[in-house]
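To keep things clear, I will list the structure first and then write my remarks on it.
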């Protein structure tokens, strides 16, 4: 399967355990705004659990009236968590069969490095278009979202 990925990385002054405790359970509402053709996350529905154990799910409602389901797959506190995304609607529903997000936390001098990687699984006929959307919109979007999450971590430390 051919995939298309983008990553963003930033550093917080928070120690590893604290960065993990604050950022992992954050709701995406307010941190994921509209950006170009990408809709904002406006609501979380049907979340099962505290977003801290494999098997938990939640539905993200988007500003374009679409939604996506997140499935928490791996939690290796305080270093890594992964979730799959499915049931995309609207534009991405026509272009991708799913996606995977991975968050890696690494202790560094003076704080914690956070690396967020998103991997889309485009349908064969949509590979070029998904690659273009990821390069022009999704990658810059991630670079805008992550600093807001890091700022929230630092605000709460």
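Report note on the peptides 105-112, 146-153: ranked by the mean count of other C-beta atoms within 10 Å, highest first, their order is 146-153, 105-112. Computed from Cα positions, the angle between helix 139-156 and the longest principal axis of the chain comes to roughly 30 degrees. Panel note: the C-alpha atoms of region 4-156, placed on their principal axes, show extents of 45, 31, 24 Å (largest first).
With a Förster radius of 30 Å applied to the C-beta separation of residue 31 and residue 3, the computed FRET efficiency comes to 0.80. Seen through its C-alpha gyration tensor, with square-root eigenvalues sorted a ≥ b ≥ c, region 56-97 comes out prolate because a/c lies at 1.5 or above while a/b is bigger than b/c.
The value for region 90-157 of Rg(Cα) / (2.2 N^0.38 Å) is 1.38. Full extension of the segment from residue 76 to residue 104, taken as 0.36 nm per residue of separation minus the current Cα-Cα distance, would add 9.1 nm.
Taken along the Cα-to-beta-carbon direction at a fixed 7 Å, the label points for residue 87 and residue 157 span 3.7 nm.
Between residue 135 and residue 97, the simple label model (points 7 Å from Cα in the Cβ direction) yields a spacing of 2.4 nm.
Read-outs: derived from the displayed coordinates by stated rules, not from any lab. The model shown is predicted, which means the values in this text are computed figures rather than measured ones. Positions of Cβ are generated from backbone atoms using ideal geometry, with glycine treated the same way; all protein chains shown enter the neighbour counts.
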